Amino acid sequence: MSGYGIFAQYYDKLTNNVGYDKQAEYLIRLFDLHGKRPSLMLDLACGTGNMSIRLAKDGISVIGADMSPDMLYKAQQKAMAENLDILFICQKMQDIDLYGTIDGAICTLDSINHLLRPQDIQRVFDKVSLFMEKDGLFIFDANTIYKHEKILADNVFVYELDDVFCVWQNEYNNKNNIVNITLDFFERDGQCYFRRTEHFSERAYSDTELVEMLNKSGFELCAIYGDYKLEEPDDKCQRKVFVARKMEETNGKID
């Protein structure tokens, strides 16, 4: 997996259309709907901290974790500018190691899809479960197989910003539902452009695969919603939101 060093420079501009405020409101609504708004929450693969910051503003203590130092540097700078006390830690999702327990966790913007091996996702769920208090909620989203087959596929997307021109190229493998992604950034320097490239991949998993892994980790599925709505997903849903509850007290260790 890429370290996302180049991507980090333009991440916020390329995700400018995400609508973090509405997504944060939606996540809070889901926590409340399922009866457990967290007091201490883990934001897995927090990136540049946009969701962590918005949830912290709602009074939740947040730990943001990401594998990219470049992403976390931007997250820390933004949190300091907002005078928010957020703990950011540089750790991979599957290697999370906290100092104590949490009572809620999120993982958004298809970060789960960046794990290409089922055993890595299982390890993430195991780790979240290890530090999650009983009845705590784990909410994450995931791109669907439909999105990989029909939307990302072998398509090319172009983003033209003030100071960079980005070409997003996909290569889809229908045998394992993996999309290999190449981002070419053409950065302006006076009258010239300099090309820099970032590579990463995403894999889509079925609902059955994800739910089975949640169950193995001690979570019970509460609901699956369609693309940040309070409705069941249809056949053309591009992103699903999973809500799972920790069923047993945490004990033991993960090797």
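Each value in this text was obtained by applying a stated rule to the coordinates, not by laboratory testing. This is a predicted model, so every value here is computed, not measured. Cβ coordinates were reconstructed from backbone atoms using ideal geometry, including for glycine residues, and neighbour counts include every protein chain displayed.
Descriptive notes on the structure:
- Phi angles across segment 88-103 convert, under the Karplus curve 6.51 cos²θ - 1.76 cosθ + 1.60 with θ = phi - 60°, into 3J(HN,Hα) values of 10, 10, 8, 8, 5, 4, 7, 10, 4, 9, 9, 8, x, 8, 10, 10 Hz, Gly and Pro given as x.
- Neighbour net charge for Asp120 - beta-carbon separation under 12 angstrom, K R +1, D E -1: +3
- Summed side-chain charge close to Asp95 - residues other than Asp95 whose Cβ falls under 9 Å, Lys, Arg +1, Asp, Glu -1: +2
- Where the Cα pairs of the chain fall when distances are cut into 5 Å bins, in %: 1, 6, 13, 17, 20, 18, 13, 7, 3, 1, 0, 0, 0
- Which listed pairs, of Lys92/Lys147; Lys92/Lys236; Lys36/Lys147; Lys175/Lys246, have C-alpha distances above 28 Å, in listed order: Lys92/Lys236; Lys36/Lys147; Lys175/Lys246
- Segment 119-169 and segment 92-108 have their alpha-carbon centroids 17 Å apart.
- Evaluated on segment 147-203, the Kirkwood hydrodynamic radius is 12.2 Å, with distances taken between all distinct Cα atoms.
- Once C-alpha pairs closer than 8 Å and six or more residues apart are averaged by separation and normalised to the residue number of the chain, the relative contact order reads 18 percent.
- Note on segment 59-156: Kirkwood hydrodynamic radius from all Cα pairs is 15.2 Å, rounded to one decimal.
- Pairwise FRET efficiency - Lys229 versus Glu187, Cβ, R0 = 35 Å, nearest 0.05: 0.40
- Which of His34, His114, His199, His148 has the fewest Cβ neighbours within 10 Å, and the rest in rising order: His199, His34, His114, His148
- Each other residue within a Cβ distance under 12 Å of Lys134 adds +1 if Lys or Arg and -1 if Asp or Glu, for a net charge of -3.
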